[in-house]
Amino acid sequence: MIDTLRATKFSNSQFPISKLAKKAIPHNKMTTLQFINCTQCISSSLLPNQPLTLSPAGLIIPTPSTLPPNTRIIDLRNRIISPGFLELQINGSLNFHFARFESPDSYKIGIKKLQKYLPSTGVTGFYPTVPTVSSEVFKTVLPFLKPSAFKLLEKDEEHEQEEGEGAAILGAHVEGPFLAPSKKGAHDAANMHVPSSASLETVYGEKNLEESIKIVTLAPELPGSVRHIERLTKEYGIQVSMGHSAATFEEGSEGMIAGARMLTHTFNAMVRRIGSLFLFLLLLLFSNKRSPSSSPSNLLY
């Protein structure tokens with residue numbers, strides 16, 4: 001799934017730019033934005049000297065023959081501008097883990113280091129992923145993982161750029177604690193919950209459901225999971241991914257009907273159910289009930 005743009009030289013110098021460029025510019029300065037002296041990647045080909053123009057709403061538009069007044073011009077100085085990758089599940093890197101909290105300052109530093117590092121791998125947006133932890137840890141770390149766009153900075157009046165905050169945080173992905181114990185993998189079974197006996201608000205916190213969480217991975221066959229899926233998708237607008245699950249085809253279908261649109265760790269430890277899973281994947285991929293294109297939907301990973 002591609003949602004952002006990345007500009008880079010043939011070196012270790014990166015200059016990532018969020019597709020939602022309107023968030024990178026003060027509201028009172030929103031205007032047409034054009035990147036010049038750049039090479040675009042189109043249909044697997046590199047096309048030099050192809051300017052890229054964004055509307056004030058942050059959408060890619062055909063380059064007009066005459067630019068509107070106050071158009072902001074950014075010279076990429078022969079860099080390549082191309083679609084960037086979105087990381088759907090990342091628990092941490094660079095000696096930092098999203099589930100480990102020591103202090104607000106050290107946590108923020110860890111996030112910023114990761115934000116600046118990820119564009120070097122081609123990633124321009126990511127969902128920081130918190131695995132199965134206690135409710136206390138969820139409520140402590142999730143407020144730091146709200147969506148935030150890349151900030152574009154200028155060094156001087158000639159539009160010479162410097163690196164901003166790096167890859168955009170797209171919101172938190174919580175992987176657990178509503179997982180099947182038989183498919184727990186590296187997750188801590190002691191912190192797992194059955195959905196019917198633990199409310200979403202008790203585990204994550206209502207404000208985090210409203211502001212921070214964008215994806216939840218759960219096992220659809222657990223008692224109460226279908227109701228949780230319905231509430232997550234309808235009340236909070238959160239995408240649900242089914243994973244760490246021993247669900248049958250029928251149980252997975254119920255999860256999809258309830259609103260789940262993604263699968264986590266597809267085919268992992270599911271060899272005995274390969275036939276039913278294959279049919280379920282076809283059902284998921286060709287479902288007519290699609291979510292808005294601005295968020296991940298109908299995805300397998």
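What net charge is computed for the residues neighbouring residue 207, neighbours being all others with C-beta under 11 Å from the C-beta of residue 207, Lys and Arg scored +1, Asp and Glu -1? Kindly include the intermediate steps, with their values, before the conclusion.
On the way: positive: 139, 146; negative: 201, 206, 210, 211.
Around residue 207, the charge tally is -2.
Given a cut-off of 24 Å, name the pairs among 116/234; 108/183; 112/234; 112/139; 214/234 whose C-alpha atoms lie farther apart than that in the structure shown.
Exceeds cut-off: 116/234; 108/183; 112/234.
I'd like the Karplus ³J(HN,Hα) series for region 100-111: coefficients 6.51, -1.76, 1.60, θ = phi - 60°, whole numbers in Hz, and an x wherever there's a Gly or Pro.
So the J values, rounded to whole Hz, are 10, 10, 10, 7, x, 5, 5, 5, 4, 4, x, 5.
At a 10 angstrom cut-off on C-beta neighbours, averaged per residue, how do the peptides 55-63, 86-94 rank from highest to lowest?
Top of the packing list down: 86-94, 55-63.
Residues in region 217-261 near a label at residue 199, defined as backbone nitrogen under 20 Å from the 7 Å Cα→Cβ point?
223-238
Multiplying the sequence separation of residue 210 and residue 235 by 0.36 nm and subtracting their Cα-Cα distance, what value in nm do you get?
Going from the current span to full extension adds 8.1 nm.
Give the calculated FRET efficiency between residue 94 and residue 134 to the nearest 0.05, with a Förster radius of 25 Å applied to their Cβ-Cβ distance.
Rounded to the nearest 0.05, the efficiency is 0.55.
What number does region 49-136 give for Rg over Rh if you use C-alpha atoms and the Kirkwood radius?
1.13
Every read-out reported here was derived from the displayed coordinates using simple, explicitly stated rules and does not represent laboratory data. All values derive from a computational prediction rather than experimental measurement. In this analysis, Cβ positions are derived from the backbone assuming ideal geometry, glycine residues included, and neighbour counts consider all displayed protein chains.
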